[in-house]
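Student: Let me give you the structure first, and then I'll get to my questions.
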Amino acid sequence: YTVASKRRVLSLALRWATLQAHYLLEDDTVLQIIYSLLFCVSFSLPLFSFTLPFFLSLSLSLSGSVLTVCVCLVLLKVYCSDHTYTTIRVPVLASGREVAATVADKLGSTDELLLISLSASGEKQILKPNDVSVFQSLGVNGRLFVCTREQLDSLTPLPEQEGPSTGSMSSFELMSSKDLAFQMTLYDWELFSCVHEYELVYHTFGRQAYRRSTANLELFLRRFNQVQLWVVTEVTLCGTLSKRVQLLKKFIKIAAQNLNSFFAIIMGMCNPAVSRLSQTWEKLPSKFKKFYAEFESLLDPSRNHRVYRLTVAKMEPPIIPFMPLLIKDMTFTHEGNKTFTDGLVNFEKMVSAIQFSFYLYRSFPIQHCNKDGP
C-alpha cells in the first residue's frame, strides 16, 4: 500500500512538471521540489523506475550548464501630453517604474514622470510603480501616456481613440462569410494556442502577487471585446436599412464557427444600440431570425449556463472555448474554498482548479487546425 501511494504521488508530480513546461526552469521553489523528489527516488529506484526518463532528461538539461531564460520583449508606444509619442522596447514583465524610467531616459527628461492609462472617454488611471506588465491594463481603445503630476489634468484622448466615423460595409460585403469566418477562427486559434494553463491560475489568484505575466490570456480576452465592439460599430455606422439587414445576416452566418467569436458576435448583436433597431430586425428573413433565436439561447445564464455546457460536452477538440465562463468557474472555485485547511494545502480545491486548466489543455489538438476549410 505504501509503495502504491508513493507511486501515485510521483505520477501526479510528473504530470504537474510536464504541464509546467518552461515555467519549471524559472521557479527556484519548483526546482527544489523536483530535486528533493529525485533524491528520494534514488534510494528506491527499482520501485519507481517509471520516473527515470523524466529525471534523466531534467539532469541533462541542468547539470554542468548555465540556465538561460528567454526574456520576451514587447514594443510599447507611449504618448506625451502634447500627443507626440516615443517607442520603447521593454521586457513583458517590466514594472511601471521601469517603463517610466525608460521613457524618461529616451526623452532626456529629468522630471518625475507618471505612467497613465488613458481611455477613449478620458478616464485616467495612474499605474502603480510596482505593477508588472503594465500594458495589460489598457482597454480595447486605451493608450499609455507619461506626464508630470502638473500635466495630469490637461491630458486628453487622441483623436484616433474616438473610433471610426464611417463603417466598412463597402469592403465587408465583398467578402465571403465562410472565408471571413475561417480567417477569424485561425486568428482566434493562434491567440488561444499561446495561452498557457498557468496564466489562468495567475489570473485567478492575482498575477501581481506572483509578479507573473498573463499577456497571452489578456490578448485573447481583449480579442473577445474587440469583436463584440466591432459588431456594434459596423451596424450602428451603417446608414442604410437594407444594408443593415445584410450586415445582420452576415454576422449570423459568421457566428457559428468557434465558441469565443460566437459569443462575441451574438453579445454584440444583443447590445442595446443594435437590438433597439426594430425596423432592421423586422426586415430580417424569418430563417435568420430562427437561427439568431437558437444562438441567443446558448447565452442563457440560467442553471449555471446549462445549455452552453451541454452543447460543449457534445463537441470534440479542437475547441476554442468561451474563456470568460472558464475564468468565472475558476474564480468561484478559488473564492468559495479555502486554500489551506488546518495548515495543510486543500488538495480538493487545487485539483478542481487544475481540472479547469486540463479542460483548456484537452482543447488543443495533436495537429494544427485544418486549413483546407473552416
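The values are calculated or read from the model by the stated rules, or taken from the named source; none is laboratory data. Just so it is clear, the model here is predicted, and its values are computed rather than measured. Note that each Cβ is placed from the backbone with ideal geometry, even for glycine, and that neighbours are counted across all protein chains shown. Surface areas here come from the heavy atoms of the whole protein model, side chains and all, with no ligands, DNA or RNA. Shrake-Rupley method; radii C 1.70, N 1.55, O 1.52, S 1.80 Å.
Student: Could you work out the Rg to Rh ratio of the stretch 204-278, with Rh taken as the Kirkwood radius (inverse of the mean 1/r over all Cα pairs)?
Tutor: 1.15
Student: Then there is this: Using DSSP to call loops (not H, G, I, E or B), can you name the trypsin sites (Lys or Arg not before Pro) in the stretch 117-202 whose Cβ has at most 13 other Cβ atoms within 10 angstrom?
Tutor: Within the stretch 117-202, no trypsin sites (Lys or Arg not before Pro) qualify (loop, at most 13 other Cβ atoms within 10 Å).
Student: With a point put 7 Å past each Cα toward its Cβ, work out how far Thr156 is from Thr87 in nm, to one decimal.
Tutor: Here the modelled spin labels are 2.7 nm apart.
Student: Additional query: In square angstrom, what is the accessible area per residue of the stretch 67-201 with a 1.4 angstrom probe?
Tutor: Ligands and nucleic acids excluded, the result is 54 Å² per residue.
Student: Subtracting the Cα-Cα distance from 0.36 nm times the residue separation, let me have the gained length for Asn130 to Lys290 in nm, one decimal. Please report the intermediate quantities before stating the final value.
Tutor: Numbers: separation 160, 0.36 × 160 = 57.60 nm, distance 5.14 nm.
Here the segment from Asn130 to Lys290 would lengthen by 52.5 nm.
Student: Evaluate E = 1/(1 + (r/R0)^6) for Gln279 and Leu180, where r is the Cβ-Cβ distance and R0 equals 25 Å; express this FRET efficiency to the nearest 0.05.
Tutor: Values: r = 26 Å, r/R0 = 1.03.
With a Förster radius of 25 Å, E is 0.45.
Student: If r is the Cβ-Cβ distance from Tyr210 to Leu299 and R0 is 35 Å, what FRET efficiency results, to the nearest 0.05?
Tutor: 0.60
Student: Continuing with this model, one more query. Could you please state how large a percent of the accessible area of the stretch 285-350 is carbon and sulfur, counting protein chains only and using a 1.4 Å probe?
Tutor: So the carbon and sulfur contribution to the accessible surface is 58 percent.
Student: Return one quarter of the surface area of the convex hull spanned by the alpha-carbon atoms of the stretch 169-306, equal to its mean projected area, in nm².
Tutor: Projected over every direction and averaged, the Cα hull of the stretch 169-306 covers 9.8 nm².
Student: Give me a comma-separated list of calculated 3J(HN,Hα) values for the stretch 118-126, in order, Karplus coefficients 6.51, -1.76, 1.60 applied at θ = phi - 60°, integers in Hz, x for any Gly or Pro.
Tutor: These are the phi-based 3J(HN,Hα) values: 10, 8, 5, 7, x, 6, 10, 10, 7 Hz.
Student: What ranking of Cys270, Cys238, Cys194 comes out by heavy-atom accessible area, probe 1.4 Å, highest first?
Tutor: Sorted descending by solvent-accessible area, the residues read Cys194, Cys270, Cys238.
Student: How big is the Cα convex hull of the stretch 131-171 in projection, averaged over all directions, in nm²?
Tutor: Value for the stretch 131-171: 4.6 nm².
Student: A follow-up question, please. Mind putting together the pair-distance distribution for the stretch 123-199? All Cα pairs, 10 Å bins, whole percent per bin, short to long.
Tutor: Final binned percentages: 12, 27, 29, 23, 9, 0.
Student: Any chance you could look up the accessible area of Tyr210 with a 1.4 Å probe, heavy atoms only, rounded to 10 Å²?
Tutor: Roughly 110 Å² of Tyr210 is accessible to a 1.4 Å probe.
Student: Suppose R0 equals 56 Å. What FRET efficiency, 1/(1 + (r/R0)^6) with r the Cβ-Cβ distance, do Leu326 and Thr110 give to the nearest 0.05?
Tutor: 0.75
Student: Working from the alpha-carbon coordinates of the stretch 236-291, get Rg over Rh, Rh being the Kirkwood radius. Spell out each step's value before the answer.
Tutor: Values: Rg = 10.9 Å, Rh = 11.6 Å.
In the stretch 236-291, Rg relative to Rh is 0.94.
Student: To the nearest 10 Å², what's Leu310's accessible area with a 1.4 Å probe?
Tutor: Looks like 80 Å² after rounding.
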